[in-house]
């Protein structure tokens, strides 16, 4: 197994398309898209049309995006679940060293290279790097836990000014 010091390879990922959403500013984006009814449209590059074969029977997708407006230097953040500072890797914050977004969206319609989806939580114009079918038989882990969240769930989300997390470096 290679050590971390040997893993300095740089690689690139090219967008397969873009997502259009009603969110023009980061502060307008919901904290969790799956809990919203926001509809958006994924527009794929024409050359990816063959990759949509057999997607018509899929109800939900993993949407992987590149959160191009995120702060890539932030390693800690404040969540909507309390004032505590959390490590970025323990949260779903868009601000992270490699700002790859992961959202489960409901697939509503396929029209050529356009996918209409519900549950969007990203900025209009966000690059899409991949889509994958969500499979409840493979992807659902009902007994999975997030330690810190287990302690605060049930207390409800709090409305926070997203600028608060700017204080955390």
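The values are calculated or read from the model by the stated rules, or taken from the named source; none is laboratory data. Just so you know, these numbers come straight off a predicted model, no measurement behind them. Every residue, glycine among them, receives a Cβ derived from its backbone with ideal geometry; neighbour counts consider all protein chains shown.
Assigned to a helix (DSSP H, G or I), at pLDDT 75 or above and touching a helix residue (DSSP H, G or I) at 6+ places or on another chain (Cβ under 9 Å) - does that describe any residue in the range 118-133? The answer is no; no qualifying residue exists. Across the range 39-59, what is the total count of residues that are assigned to a strand (DSSP E or B) and at pLDDT 95 or above? Adding up the residues that qualify gives 4. On the given criteria, is residue 74 in a loop (DSSP other than H, G, I, E, B) and either modelled with pLDDT under 80 or more than 18 Å from residue 27 (Cα to Cα) (or both)? No; evaluated as a whole, the condition is false for this residue. Restricting attention to the range 88-103, the residues that are in a strand (DSSP E or B) and surrounded by fewer than 16 Cβ atoms within 10 Å (Cβ to Cβ) total 2. Among 85, 42, which is over 17 Å from residue 135 (Cα atoms), buried (at least 18 other Cβ atoms within 10 Å of the Cβ), touching a strand residue (DSSP E or B) at 6+ places or on another chain (Cβ under 6 Å) and touching a residue at least 60 places away in the same chain (Cβ under 8 Å)? After ruling out the rest, the residue left standing is 42.
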